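Reading through the structure tokens given below for one structure.
The values are calculated or read from the model by the stated rules, or taken from the named source; none is laboratory data. Just so you know, these numbers come straight off a predicted model, no measurement behind them. Quick reminder, even Gly has a Cβ in these numbers, built from the backbone with ideal geometry, and neighbours come from all protein chains shown. Ligands, DNA and RNA are excluded from the accessible area calculation, which covers all protein heavy atoms including side chains. Shrake-Rupley method; radii C 1.70, N 1.55, O 1.52, S 1.80 Å.
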Amino acid sequence: TRMTLPRLDAAVVVPGFLSGASDFREMADSLSARGIRTAVVPMAAWHWLPCLGGRSMRPILERIDHTVRHLAAAEGDPAAVPGFEYSWQDCLTDFVHTPGGIWEVGGSAEVQEYPIVEPRGHFPEAGAARGRVALIGHSAGGWISRVYLSKRRYGGRAYDGSQLVHSLVTLGAPLADSSGPAFRGVAWANQEPPPSTVRCLAVGATGTPGGSSGRLTRDAYSFCVDGGDGTKLDGDGVTPTFSALSLPGAETRVLDGVTHFPWGDVPGAGLVAPDLAKEHRAGKPWYGSPSAMEQWADWLHRA
């Protein structure tokens with residue numbers, strides 16, 4: 001049996017698809033103020049580009065692993081998590097070679113058939129782990145965190161993150177199976193329950209109906225359901241409630257009137273999601289707003 005490391009009151013936040021560390025700084029600061037010292041995976045939004053089209057998430061998994069290992073080695077001190085080197089040239093190389101997705105890069109969209117492609121970037125090595133941390137995965141960061149916890153090989157590497165993680169919180173994560181290449185990774189994660197050694201909380205929201213909240217919401221909900229009609233579903237504006245709660249064995253919390261992302265605070269988000277940005281600017285909270293965090297952050301203390 002492997003030695004179980006002590007539990008640290010520390011957490012790593014994994015940004016959602018096409019978002020970066022800067023979008024989660026306030027959430028991290030708020031968690032730190034509550035006694036959960038929190039680091040955000042130190043990545044920019046453009047680091048997601050190689051994963052476009054539902055491809056392998058190995059580039060993101062490398063960043064999660066980097067952050068978890070450094071935070072665990074530093075006994076939960078977020079200031080000790082270094083950055084890493086990743087250039088536009090690295091991104092272009094990753095974009096060309098990252099397997100899977102709608103273009104079937106490397107020959108297939110199936111996770112088990114991904115060729116082994118090591119993501120680019122220079123990640124400083126961490127020291128020996130001194131404890132286990134929590135993982136908080138927003139949106140796609142939630143299901144990718146499930147891959148990180150697994151002992152199975154994904155694109156050539158088994159991360160076995162459950163050795164360094166005591167709790168997983170998913171915020172508006174698409175966790176239920178659906179059709180299309182983008183859900184191949186979700187289906188891969190769903191082939192097994194989360195590790196028994198990791199406590200899990202799945203957080204979803206209601207109050208943004210698929211039939212009356214704009215095109216992005218309708219399309220996003222439709223994407224998350226087999227059969228493709230999201231008009232009758234409720235959710236957070238991107239992930240329908242049922243999918244956000246679809247984590248076997250997890251505790252669940254449903255936040256009413258909470259939106260997916262701080263749309264009104266992020267440049268360009270209003271162009272992508274005008275209806276959601278308007279609601280957010282008018283005061284609708286997102287998962288990282290103080291009123292929403294009141295409803296889930298306390299769970300991290302209840303080990």
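Restricting the search to segment 289-301, which residues are open to solvent by 30 Å² or more (accessible area, probe 1.4 Å) and either farther than 29 Å from LEU168 by Cα or outside any helix (DSSP H, G or I) (or both)?
Within segment 289-301, GLU294, GLN295 meet the criteria.
So, in segment 168-184, how many residues would count as being touching a strand residue (DSSP E or B) at 6+ places or on another chain (Cβ under 9 Å), modelled with pLDDT of 95 or more, closer than 24 Å to ARG153 by Cβ and not in a loop (DSSP other than H, G, I, E, B)?
Adding up the residues that qualify gives 3.
Within segment 207-232, track down each residue that is in a helix (DSSP H, G or I) and either in contact (Cβ under 8 Å) with a residue 40 or more places away in the chain or open to solvent by 10 Å² or more (accessible area, probe 1.4 Å) (or both).
Residues satisfying the conditions are ARG215, LEU216, THR217, ARG218, ASP219, ALA220, SER222, PHE223.
Of the residues ARG157, ARG132, ARG153, ARG120, which is in contact with a strand residue (DSSP E or B) (Cβ under 7 Å, 6 or more places away or on another chain) and of a type in the set (D, E, K, R)?
Just a single option satisfies the conditions, and that option is ARG132.
Could you give every pair whose Cβ atoms fall below 9 Å, whose first residue belongs to segment 258-272 and is among the small types (Gly, Ala, Ser), and whose second residue is open to solvent by 10 Å² or more (accessible area, probe 1.4 Å) and assigned to a loop (DSSP other than H, G, I, E, B), counting only separations of at least 6 or pairs across chains?
As it stands, the answer is GLY264/ALA282; GLY264/LYS284; ALA269/PHE261, since those pairs meet every condition given.
Among the residues of segment 185-197, is any hydroxyl-bearing (Ser, Thr, Tyr), out of contact with any helix residue (DSSP H, G or I) (no Cβ under 8 Å at 6 or more places or on another chain), in a loop (DSSP other than H, G, I, E, B) and open to solvent by 20 Å² or more (accessible area, probe 1.4 Å)?
Checked segment 185-197: at least one residue is hydroxyl-bearing (Ser, Thr, Tyr), out of contact with any helix residue (DSSP H, G or I) (no Cβ under 8 Å at 6 or more places or on another chain), in a loop (DSSP other than H, G, I, E, B) and open to solvent by 20 Å² or more (accessible area, probe 1.4 Å).
Quick one: how many residues across segment 262-288 are in a loop (DSSP other than H, G, I, E, B) and within 16 Å of VAL169 (Cα to Cα)?
Final tally of qualifying residues: 2.
Can you pull out the residues in segment 128-139 that are open to solvent by 10 Å² or more (accessible area, probe 1.4 Å) and more than 17 Å from ARG7 (Cα to Cα)?
SER139
What pairs come out if I take residues in segment 1-20 that are touching a residue at least 24 places away in the same chain (Cβ under 8 Å) and within 14 Å of PRO262 (Cα to Cα) and pair them with residues that are assigned to a loop (DSSP other than H, G, I, E, B) and of a type in the set (S, T, N, Q) whose C-beta lies under 6 Å away, six or more apart or interchain?
GLY16/SER139; PHE17/SER139
Within segment 50-61, does at least one residue satisfy the condition of being surrounded by fewer than 20 Cβ atoms within 10 Å (Cβ to Cβ) and outside any loop (DSSP other than H, G, I, E, B)?
There is no residue in segment 50-61 that is surrounded by fewer than 20 Cβ atoms within 10 Å (Cβ to Cβ) and outside any loop (DSSP other than H, G, I, E, B).
Filter segment 234-288 for residues that are of a type in the set (D, E, K, R), within 17 Å of ARG215 (Cβ to Cβ) and either surrounded by fewer than 16 Cβ atoms within 10 Å (Cβ to Cβ) or at pLDDT below 95 (or both) and give the result.
LYS278 - this is the single residue of segment 234-288 that is of a type in the set (D, E, K, R), within 17 Å of ARG215 (Cβ to Cβ) and either surrounded by fewer than 16 Cβ atoms within 10 Å (Cβ to Cβ) or at pLDDT below 95 (or both).
Quick test for you: out of PHE95, PHE24, pick the one residue that is out of contact with any Phe, Trp or Tyr (no Cβ under 7 Å at 6 or more places or on another chain), among the aromatic types (Phe, Trp, Tyr), buried (at least 22 other Cβ atoms within 10 Å of the Cβ) and at pLDDT 95 or above.
PHE24
Those residues that are in contact with a helix residue (DSSP H, G or I) (Cβ under 8 Å, 6 or more places away or on another chain), more than 16 Å from ALA21 (Cβ to Cβ) and either assigned to a helix (DSSP H, G or I) or open to solvent by 40 Å² or more (accessible area, probe 1.4 Å) (or both), I need them from segment 70-87; list them, please.
The answer is ALA73, ASP77.
Output the residues belonging to segment 213-255 that are touching a Gly at 6+ places or on another chain (Cβ under 6 Å), farther than 22 Å from PRO274 by Cβ and of a type in the set (Gly, Ala, Ser).
Within segment 213-255, just ALA244 meets the criteria.
Just give me the residues in segment 112-127 being touching a residue at least 60 places away in the same chain (Cβ under 8 Å) and over 25 Å from TYR86 (Cα atoms), in sequence order.
Answer for segment 112-127, where residues must be touching a residue at least 60 places away in the same chain (Cβ under 8 Å) and over 25 Å from TYR86 (Cα atoms): just GLN112.
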